[in-house]
Every structure is written in C-alpha cells, then in structure tokens.
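Some notes on the structure that comes next.
Taken together, the values in this text are just the output of simple stated rules run on the coordinates, not laboratory data. As the structure is a computational prediction, the values presented were derived from the model and not from experiment. Note that we place each Cβ from the backbone using ideal geometry, even for glycine, and neighbour counts take in every protein chain shown.
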Amino acid sequence: IKYSLKVVVEKRWSKNYKTEFPFTVINPTDVNQPAFQNQVRNSVEKTLCCCLCRSGIISIDARTDWVGYCSGGTLVLWVTFNNQSARTVTPRVSLHQIQTFFARGKSKQIVNKHKLLTGRERIKGKNLLTWDGTMLKLPDVCSSINNCSIIKVEYFIQITLHIPFSTNLSLLLPITIGT
C-alpha cells in the first residue's frame, strides 16, 4: 500500500510552505508458519420460495487448502454446489480486500473486489456441481495488516451463486496474504 502525507504550513503575510512525503506500509507476515497452514471451511444454504410453494434448497460447501497465501500465488479451492431448486444458477468467485482506516474514534472502509472466476459453468435445477482442487491465481496485492492501530487490511474469498429473480447466495472464506 502506498500512501502520501501532505503538510501545509500557513504563514501570515508570507507564502505558505507545502510538502508531500510518500511512504509505504509493509507488514511482513510469514505464511509458512503452522498457524497459516490450516484449512478454512464454511457452508451456507438457502430455501427458494415462490408465493406459497417451495422450490428447493440451494447450498454451498467450500474449503481452501490453507489460511495463508503469498501475493500472486495459487489458491486451491474445493466447492460443492447443490442446487435442488428448479432454477439455473451461476457460480462466481472473487477476492475481497477490505481496508479499514481508524482516526479520531471514527473509521472508514474501502472494499476492493478482484474477480477470480465468473460463470464458467451453470448449474441446472436438481443438479450437483463439485470443484475438486480448482486452482485460482491470486492477484498481486499487499499483505494483510492486522496488528496496526490505524490501518487494517483483510482478505476474503467470496463464493456466490447468482440466482435469477432472487437474492444471491454467498459465503466468505477469510484468508491471510503474507510474505
């Protein structure tokens, strides 16, 4: 992450002094530690309804091979999509970077989304789709920052099923980007 600090010194009866100082925040996180070599797993399900009739259950069960990854590395993903409804759904995978800035008791969040996989295959009604070890290349992004009092950078893999005429079904897998 690259930041810049702008300073203006206002002087009465003379020209103001202005300067800008660029700096970079680097947080070394060794993802080869045993704490980062565990799997992350999550599942979610949703029942679709149309008026009073139930259409069926749609579910996502997902896991990654590790918690920690290097920027630009490869993420391995195992996902089971179970579509017991009558609708055709489309899977999507993205990396979400959440930057949170803290100052004077307030905070501001910026969310950046990086598409990793979009609509490669559709899942028709009453079908099951399994991704066994699907490899996804992570973009070059900065490291996670969790131990700073003014800046926090977190990453999540979001797996979404786009459901026509309904709200999408999504699940998040928290990961750490390190060195």
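For this structure, a couple of remarks:
- Rounded to 5, the percent of DSSP beta bridges in the chain classed as antiparallel: 95
- Alpha-carbon centroid distance for the pair region 85-120 / region 131-179, whole angstrom: 7
- A Förster radius of 22 Å combined with the Cβ-Cβ distance from Glu121 to Gln39 puts the calculated FRET efficiency at roughly 0.35.
- Scanning the chain for GluC sites (Glu not before Pro) in DSSP loops with at most 14 neighbouring Cβ atoms within 10 Å leaves 11-120 as the longest stretch between them.
- Segment Thr134-Asp30, length gained on full extension (0.36 nm per residue, minus Cα span): 35.0 nm
- Counting charges near Gln158 (Lys, Arg +1; Asp, Glu -1) among other residues having Cβ under 13 Å from its Cβ returns a value of +2.
- Applying both filters, DSSP loop and at most 16 other Cβ atoms within 10 Å, to the trypsin sites (Lys or Arg not before Pro) of region 89-158 gives Arg104, Arg120, Arg122, Lys124, Lys126.
- Just checking the listed ones, Ala86, Ala103, Ala35: in the Gaussian network model of the chain with Cα springs under 10 Å, the one fluctuating most is Ala103.
- When you count the other C-beta atoms within 10 angstrom of each residue and take the mean per peptide, 140-150, 72-82 line up highest first as 72-82, 140-150.
- Counting other Cβ atoms within 10 Å as a rough exposure proxy, the listed residues Asp65, Asp132 run Asp132, Asp65 from fewest neighbours to most.
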